[in-house]
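Student: Following this message is one structure expressed as structure tokens.
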Amino acid sequence: MEFKKGFKIKPKSIKKTGEVIFTDGTNDVFANQKICQEYGYNYDTSNGTCYAYRFDTLIDKRGKNLDNKVAGKNNFTSDGTKASFITGQNNSTDGLNKNTFITGENNRIQSNLNNSSIIGGTHALGFHNGEVIIGAGKLDDGQVGSIQMSIIQLSGNTTNDTLTNLTIQNDGSHIEIQNNCILGFEAHIIGLCTGGTDGTAGQYIYYKLVGACKIDNGFNLTFTQSISTIADGSLALEVTPSFASVTDNFITLKVTGLAGNNINWYASVHLFTNKTLNTF
């Protein structure tokens, strides 16, 4: 399908659940009500979903999802979801998920995510592995994931003084961002030296980094952030950590170690999302 005149996204595929997936030509994106309906689909304002047809949970036998527990009303797991528990109302997994938990209402965990939990609230959206999310309801037309709080865990290692990206659960993935959004963050960061040719095991540093990232419609980023030392365990780093862009639509925490020092890095990051359907 071609892009409609005046729109920068178009339908890419239709999931088994009837949800329409859109693309900007490179990345999967969400459509608002106007775009959804312009392409001839229906829009569910209760959960911010564009759909081609209504999914009938009564005829979905979920033969591939026998180890899940689904309670409550209008909840379902898409194919490939394993060892997951969904309760509350109108909650779902997008598929190929493992060890996920959802409660609350109108919440969703995206496909290919594992060990993630939405523990309350409404209209929350899971973006990352191991993420814990609380939905904050809806603004605008109720797009899921627009206002919410979540916690993720970053980790990694350095053996020299090269700038290094920490990744989620040390799995190589980074923090996904949304456009037309202010993303607040608070990161608690610990660097622990485990040895090395010039390193002393047990030396450490503990930082607190707070700030925000303004993400415009074209995913141009403006960071405002400040860092403080909570505890100094004699690990004399020359460069402090900071958040920065990795690739389009992704950011992460970047750290710089010391030559000859083996350092294990861990950061617990709180994310605060406020996204609008208006462009800026």
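Student: Need at least 1 residues that are assigned by TED's automatic domain parsing to the domain that holds His270 and over 12 Å from the mean Cα position of the chain (by Cα) per element, so show me which strands (runs of 3 or more DSSP E) inside segment 62-164 make the cut, counting only ones lying wholly within it.
Tutor: 147-158
Student: In segment 123-158, what count of residues is obtained for those that are farther than 23 Å from Ile21 by Cα and of a type outside the set (A, V, I, L, M)?
Tutor: So the count comes out to 7.
Student: Still on this structure: Could you check segment 188-203 and list, in sequence order, the residues that are touching a residue at least 24 places away in the same chain (Cβ under 8 Å) and over 18 Å from Leu253 (Cα atoms)?
Tutor: Correct list: Cys193, Thr194, Gly195, Gly196, Thr197, Asp198, Gly199, Thr200, Gly202, Gln203.
Student: Then there's this: Kindly provide the set of residues from segment 231-252 that are over 24 Å from Gly172 (Cβ atoms), exposed (fewer than 12 other Cβ atoms within 10 Å of the Cβ) and of a type outside the set (Asp, Glu), ordered by number.
Tutor: Ala231, Ser234, Ala236
Per-residue answers, yes or no, for (1) crowded, with 23+ Cβ neighbours inside 10 Å; (2) modelled with pLDDT under 95:
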site	(1), (2)
Gln110	no, yes
Asn114	no, no
Ala124	yes, no
Val132	no, no
Gln143	yes, yes
Ser150	yes, no
Ser155	no, no
Thr159	no, no
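Student: Let me ask another. Looking only at segment 161-172, decide whether some residue is small (Gly, Ala, Ser) and touching a residue at least 40 places away in the same chain (Cβ under 8 Å).
Tutor: Within segment 161-172, not a single residue is small (Gly, Ala, Ser) and touching a residue at least 40 places away in the same chain (Cβ under 8 Å).
Student: Looking only at segment 29-61, filter to residues that are at pLDDT below 80 and under 25 Å from the mean Cα position of the chain (by Cα); which one of those is surrounded by the most Cβ atoms within 10 Å (Cβ to Cβ)?
Tutor: Filtering first and then ranking leaves Gly48.
Student: Now, a different point. Looking at (1) in a strand (DSSP E or B); (2) over 21 Å from Asp198 (Cβ atoms); (3) of a type in the set (Val, Ile, Thr), can you tell me which one Thr279 breaks?
Tutor: (1)
The values are calculated or read from the model by the stated rules, or taken from the named source; none is laboratory data. From a predicted model like this one, the values you see are computed outputs, not experimental measurements. In this analysis, Cβ positions are derived from the backbone assuming ideal geometry, glycine residues included, and neighbour counts consider all displayed protein chains.
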